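One structure coming up, written as structure tokens, with questions to follow.
The values are calculated or read from the model by the stated rules, or taken from the named source; none is laboratory data. The structure displayed is predicted, hence computed values, not measured ones. Cβ placement follows ideal geometry from the backbone for every residue including glycine, while neighbour counts extend to all protein chains displayed. Just the protein is used for accessible areas: all its heavy atoms, side chains included, with ligands, DNA and RNA removed. Shrake-Rupley method; radii C 1.70, N 1.55, O 1.52, S 1.80 Å.
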Amino acid sequence: MQDQKLSGRRLDAVVVGAGFGGMYMTHLLVQKGLSVRGFERGDDVGGTWYWNRYPGCRCDVESMEYSYKFSEELQQEWEWSERYSPQPEILAYANHVADRFDLRRHFSFQTSVTAARYCEGDAVWEVETDTGEVIEARYLIMATGCLSAANMPDFPGLETYGGPTYHTGAWPKEGVDFAGKRVGVIGTGSSGIQSIPFIAEQADHLTVFQRTPNFSVPARNMPLDPELAASIKANYAQFRADAYQQPAAFGAHFPRSEDSVLDATPEEREVRFEKYWELGGFVFLSAFEDIGASLETNKFAADFVRKKIGEIVTDPKVADLLCPDTVIGCKRLVADSGYFETYNRANVDLVDVSSSPIERFTPDGLEACGRSFDLDAVVFATGFDAMTGALLRIDIQGRNGLSLRDKWSAGPRTYLGLASAGFPNLFMMTGPGSPSVLANMVTGIEQHAEYIAQAISWADDHKVSAFEAELDAENRWVEIVNLRSEETLYPQCNSWYLGANVPGKPRVFMPFLGFPDYVAMVDEVAAKGYEGFRSG
Ligand code: N01
């Protein structure tokens, strides 16, 4: 780092990432009069919605909820066109926000932060980029996203494959034309399930390689009813406040049932599940109050979806392969548009790679289950090194050269999902140990940005040069996050919430469960003078 050029004066803050988190964080700090510089590896704003441009990509949280609430003018002026926004519209919204608040001028695009080192004497971070710059800043804020580091499995022979390959999380800007092509899709998580129906329509032939089937319910996307949008906008503050009290910070308007699935007769259960299936989206899990409570109660909902798959998919063997045998909702439930129906198409095959993995790639395709598959293009819908990947791909060194990679080698350790002991003045937005991926991301981001901005103001007002999580407080927090997950069915599945999708990644449940509890706890910390933070 010493050999490189130290550029400019010492800044108040560096923000890494120009997604929804980095944009709002930068806006807040600039408003406070701080000097801020942002870095973004893409060539424009948008974060996850910049990178995930695969066909069929859309949000599974409804449009009127998946947006910033910090500006009344912004939320009044923006018009969403569909119940669930498609990726291009969300990216257009991100661009609108960048224009409206003049945010781009604070960012260097096509620039990745590669390393950051805390210099104890000066209490500053030295931040290094892949363009060779070194920037000094008092605060380092990682708005690097929870699902931004693509997971590319290390398939033998991949380098020999002659066709083009695409990862759903790094889709070409110019799009991909699959017309006339034999395409393979590997992975059946949200990205695979959303893209498969669209790729199937375009391609000559589609082969889906499935390691684990996933629960999916119909999204029932539709044009957004202008009257509904107007009625929400007429009282947006209350709509947002109600959402804030929900466990996942959205869906206050969901018709949530309060009765037990165990008290219903088989006929009543059927009628209820059918009604919620028709509503579309995550609301399905609200058909009864206790679907997430136990394996016994969960099985009723899981059986209903399995029955639906059997009714939709005409080939019983294929239907059987598509039926998950796990708990519903412990991997992220997917909201689809015609996913299971796609397997009734003559040009679509499903290959089960659960018991024998994809063996190798060849120049013409790949080999799996003892068969060769000739493929003109391959799509990796293989997900992300979630929550920790983007942070740990940067060489971050705190006090005494402590490396974040070493510190987190057995799993992430944070205080409030915002900070980690040994790394003063470094904040993570929606980091492990915060509600993040188990809440409406935009709401979680806004809450974190505002919290971090206030913490910085407090530290400056109190002439604190090093604001750092205490190890004891962090240890207690990690325990709380674990205990909360152990009381649920989440640990039952091999999900990316647990790091189970990346070979060798420590199996630790990373998100904090329960947005309102989280907000109450972190607000109490602030009210007690940032209890659990050492301020030197
Ligand atoms: O990734 P995933 P994703 N051989 O990890 C398979 C959000 N999101 O990009 O389950 C064969 O869920 C893997 O198999 P298995 C959302 O939070 C939101 O789809 O590990 N297969 C799995 O099937 C979501 O949960 C939206 O056995 C391999 C798939 O690849 C999160 O992003 C849209 C394999 C990966 O699924 C991640 O979703 C899209 C291998 N070696 C994403 N390695 C919306 O808002 C992995 N797989 C709607």
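Using Cα centres only, tell me the gap between region 205-225 and region 9-80 in whole Å.
Their Cα centres are 27 Å away from one another.
Out of T144, T111, Q238, whose Cα points farthest toward the positive end of the dipole of the chain (charges: +1 Lys, Arg; -1 Asp, Glu; placed on Cβ)?
T111
Follow-up. How many nm separate the modelled label positions at W458 and S409, each set 7 Å beyond the Cα in the direction of the Cβ?
3.4
Write out the cysteines belonging to the chain for which the nearest other cysteine Cβ is not under 4.7 Å, or none if no such cysteine exists.
C57, C59, C119, C146, C323, C369
Determine the gain in length on full extension of the stretch D320-E531; use 0.36 nm per residue of separation and subtract their C-alpha separation, reporting nm with one decimal.
Numbers: separation 211, 0.36 × 211 = 75.96 nm, distance 5.28 nm.
Separation in residues times 0.36 nm, less the Cα-Cα distance, equals 70.7 nm.
Which trypsin sites (Lys or Arg not before Pro) in region 169-243 sit in a loop by DSSP (not H, G, I, E or B) and have at most 13 other Cβ atoms within 10 Å of their own Cβ? Could you put the intermediate results ahead of the total?
Values: sites: K173, K181, R182, R211, R220, K233, R240; in loops: K173, K181, R211, R220.
Passing both the DSSP loop test and the Cβ count: K173.
Which value, in Å², gives the accessible area per residue of region 212-296 when a 1.4 Å probe is used on the protein heavy atoms? Intermediate values should be presented prior to the final figure.
On the way: 4390 Å² over 85 residues.
Accessible area per residue: 52 Å².
Please report the spacing between the Cα centers of region 433-474 and region 401-423 in Å, no decimals.
15
Would you mind putting 425-431, 526-532, 455-461, 146-152 in packing order, based on average other-beta-carbon counts within 10 Å, highest first?
Details: 425-431: 27.0, 526-532: 13.6, 455-461: 17.3, 146-152: 21.6.
Ranked from most to least packed, the peptides come out as 425-431, 146-152, 455-461, 526-532.
Further, regarding this structure: For D130 and D177, calculate 0.36 nm times their separation in residues minus their Cα-Cα distance, and state this gained length in nm to one decimal. Show your work: numbers first, answer last.
Values: separation 47, 0.36 × 47 = 16.92 nm, distance 3.19 nm.
Extending this stretch completely gives an extra 13.7 nm.
How much length is gained if the chain between V271 and S35 is pulled fully straight, taking 0.36 nm per residue apart and subtracting their Cα-Cα distance, in nm to one decimal?
Working: separation 236, 0.36 × 236 = 84.96 nm, distance 5.83 nm.
Answer, rounded to one decimal: 79.1 nm.
Between R256 and K307, what FRET efficiency comes out of the Förster formula 1/(1 + (r/R0)^6) with R0 = 22 Å and r the beta carbon distance, rounded to 0.05?
On the way: r = 23 Å, r/R0 = 1.04.
Efficiency computed from Cβ-Cβ geometry: 0.45.
A follow-up question, please. Of the cross-linked pairs K307/K331; K275/K331; K32/K463; K32/K69; K299/K407, which ones have a Cα-Cα span greater than 27 Å in the structure shown?
On the way: K307/K331 19 Å; K275/K331 23 Å; K32/K463 16 Å; K32/K69 19 Å; K299/K407 39 Å.
Over 27 Å Cα-Cα: K299/K407.
Would you work out the charge dipole size for the chain about its Cα centre, treating the Cβ of every Lys and Arg as +1 and the Cβ of every Asp and Glu as -1, and quote it to the nearest 20 debye? Walk me through the numbers before you get to the answer.
On the way: 48 positive and 75 negative charges, 192 e Å.
So the dipole magnitude of the chain works out to roughly 920 debye.
Can you give me the % of accessible surface on the chain that is carbon or sulfur? Probe 1.4 Å, all protein chains present, nothing else counted. Write down the numbers at each step before the final one.
Numbers: 10700 of 21700 Å².
Roughly 49 percent of what the probe reaches on the chain is carbon or sulfur.
Starting with the highest mean, order 195-203, 257-265, 78-86 by the number of other Cβ atoms within 10 Å, averaged over the residues of each peptide.
Details: 195-203: 21.3, 257-265: 13.9, 78-86: 17.8.
Highest-to-lowest ranking by the protection proxy: 195-203, 78-86, 257-265.
Note down the nm distance, to one decimal, between modelled labels 7 Å out along Cα→Cβ at A500 and at Q110.
4.2
Before anything else, pin down the relative contact order of the chain: Cα pairs under 8 Å, at least 6 apart, normalised by residue count, whole percent. Intermediate results must be reported in sequence, preceding the final value.
Values: 1092 pairs, mean separation 102.8, N = 536.
RCO, the chain: 19 percent.
Return the FRET efficiency for the residue pair A229, E450: r is the Cβ-Cβ distance, R0 is 30 Å, and the value is rounded to the nearest 0.05. Write out the running numbers ahead of the final one.
Values: r = 26 Å, r/R0 = 0.86.
In this case the efficiency is close to 0.70.
Write down Rg/Rh for the chain, rounded to two decimals, with Rg from the C-alpha atoms and Rh from the Kirkwood relation over Cα pairs. Intermediate values should be presented prior to the final figure.
Numbers: Rg = 23.4 Å, Rh = 24.3 Å.
We get a ratio of 0.96 for the chain.
Cut-off 12 Å, label point 7 angstrom out along Cα-to-Cβ of L402: give me the residues of region 452-473 whose amide nitrogen falls inside.
468-473, by backbone N distance to the label point.
For the pair R100 and T160, how long in nm is the line joining their label points, each one 7 Å along Cα→Cβ?
5.4
Placing +1 on the Cβ of each Lys and Arg and -1 on the Cβ of each Asp and Glu in the chain, which of N425, T168, A455 has its Cα farthest towards the positive end of the resulting dipole?
So the residue furthest toward the plus end is N425.
Over all Cα pairs of region 414-521, how is the pair count split among 5 Å bins, expressed in % and running from 0 up to the last occupied bin?
Reading upward from the zero bin: 2, 12, 20, 23, 20, 12, 6, 3, 1, 0.
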